[in-house]
1. Contour minus end-to-end for ASP236 and GLU48, with contour as 0.36 nm per residue of separation and end-to-end as the Cα-Cα distance?
2. So what is the relative contact order of the chain, in percent, for Cα pairs below 8 Å that sit 6 or more residues apart?
3. Given the DSSP H assignment, sum -39500 (n - 2.57) over each helix run of at least 4 residues in the chain and divide by its residue total; what's the result at 222 nm in deg cm²/dmol, nearest 500?
4. If r is the Cβ-Cβ distance from LYS322 to ALA229 and R0 is 30 Å, what FRET efficiency results, to the nearest 0.05?
5. Roll a 1.4 Å probe over the protein heavy atoms and report the accessible area of HIS120 in Å², nearest 10.
6. Roll a 1.4 Å probe over the protein heavy atoms and report the accessible area of GLU170 in Å², nearest 10.
7. Just grab the label-to-label distance for THR13 and HIS138, each label 7 Å out from Cα along the Cβ direction, in nm (one decimal).
8. For the residue pair ARG266 and ASP58, what label-to-label distance in nm results when each label sits 7 Å from Cα along the Cα-to-beta-carbon direction?
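The values are calculated or read from the model by the stated rules, or taken from the named source; none is laboratory data. None of the values given here were measured: they were computed from a predicted structure. Every residue, glycine among them, receives a Cβ derived from its backbone with ideal geometry; neighbour counts consider all protein chains shown. Note: accessible area is taken over every heavy atom of the protein model, side chains too, but ligands, DNA and RNA are not part of it. Shrake-Rupley method; radii C 1.70, N 1.55, O 1.52, S 1.80 Å.
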Amino acid sequence: MSNFQSSRFAGLTAYVPGEQPRDRRYIKLNTNESPYPPSEGVLKAAAEAARSLNLYCDPTALRLRRAAAEVYGVTEDMVLPVNGSDEILNLAFMAFCDRGTPVAYPETSYGFYPVLADLHGIIKREIPLKSDFSVDFHDYLGINCTVVIANPNAPTGMALGPDSVERIVEANPGNVVVIDEAYVDFGAESAVSLTKKYENLLVTRTFSKSHSLAGARLGFGIGDKGLIADLAAIKDSTNPYNVNAMTQMAGIAAFEDNGYYMENCRRVARTREDTAERLRELGFEVTPSKANFLFVRHPEISGGELYEKLREKNILVRHFSKKSIADYNRITVGAPDEMEALITAAGEILAGAGGKSDAKE
Ligand code: PMP
């Protein structure tokens with residue numbers, strides 16, 4: 001830290017992304033990327049767009065908005081493309097929360113929400129999950145502040161049904177409800193159609209997981225045109241060319257190839273169910289995930305130790321130090337052969353673990 005930093009940011013705790021190590025080859029099950037490559041159409045479109053990188057991209061991303069609007073069944077003024085959905089979350093915290101007033105979100109959820117709240121001086125209202133890790137929608141009815149809920153939630157993978165989401169939106173007409181649907185394509189139900197009915201609902205999406213474009217950075221905000229105009233004004237005041245030319249073209253091609261991606265999501269969902277069953281056979285507790293990851297713990301080994309032992313076997317998973325979930329690991333659902341390697345490694349580790357207390361010796 002220098003002597004020049006604004007006092008506004010003194011004490012800021014930055015978000016720590018999952019590791020992206022380059023030291024050796026890992027089976028990477030730690031940041032919920034797709035195990036499947038982008039479609040041929042996307043590769044061609046990105047290469048073609050690279051030819052014009054001397055020119056600025058379209059700051060309104062009009063063609064991409066049109067493609068998104070068609071697939072999401074909304075109008076193009078209801079869509080804002082962004083540089084990964086982290087950007088739309090940041091814009092939403094800026095646009096719809098005031099300094100010193102609260103934003104409510106589940107206490108165990110995506111770690112970026114508290115970071116953004118602190119960054120913008122917004123009071124955090126962290127609402128505990130139920131003991132089974134589910135979100136109780138009753139907690140958010142008439143809560144009288146901006147609400148942010150990941151659905152499915154992370155890192156549990158557990159989803160709220162569309163009726164519960166609608167109840168929350170309906171019960172907070174004076175505040176924006178943000179539903180972060182980063183993982184919705186793997187088996188939960190989307191609230192996008194409700195954006196036509198409720199002017200206070202913002203749905204956020206990402207192409208990082210379901211559409212194999214984590215490295216391209218592409219996400220979307222979908223909501224009433226008033227909300228989108230508010231968000232676009234901040235986008236244009238901070239980074240007007242937020243989605244680069246290659247990513248815009250890749251995104252359009254990905255919408256054209258949507259069938260390929262939805263089939264990949266179904267493959268991931270099948271692998272998730274197979275893996276969950278096999279982990280349960282090994283004695284793991286597994287939350288009922290609708291996402292492309294599993295949230296698991298084992299009575300005989302601590303979360304931290306399992307993480308370390310898998311890492312020694314070149315398998316990366318995600319362990320969170322937060323006390324309430326420190327027993328758990330979040331495991332991305334990869335390709336079937338990757339999950340086979342995970343099951344084998346977990347079996348070997350457990351065979352050598354001999355119980356939590358022994359493991360510490
Ligand atoms: N929301 C949730 C719940 C996430 O887990 C992530 C991924 N870290 C994001 C949003 C952001 O994803 P991206 O910025 O890659 O679109």
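1. On the way: separation 188, 0.36 × 188 = 67.68 nm, distance 2.62 nm.
Length gained between ASP236 and GLU48: 65.1 nm.
2. 22 percent
3. Helix-only estimate at 222 nm: -11500 deg cm²/dmol.
4. 0.25
5. Roll a 1.4 Å probe over it and HIS120 shows about 40 Å².
6. Rounded to the nearest 10, that gives 100 Å².
7. Taking the simple label geometry, THR13 and HIS138 are separated by 3.1 nm.
8. For ARG266 paired with ASP58, the spin-label model returns 3.1 nm.
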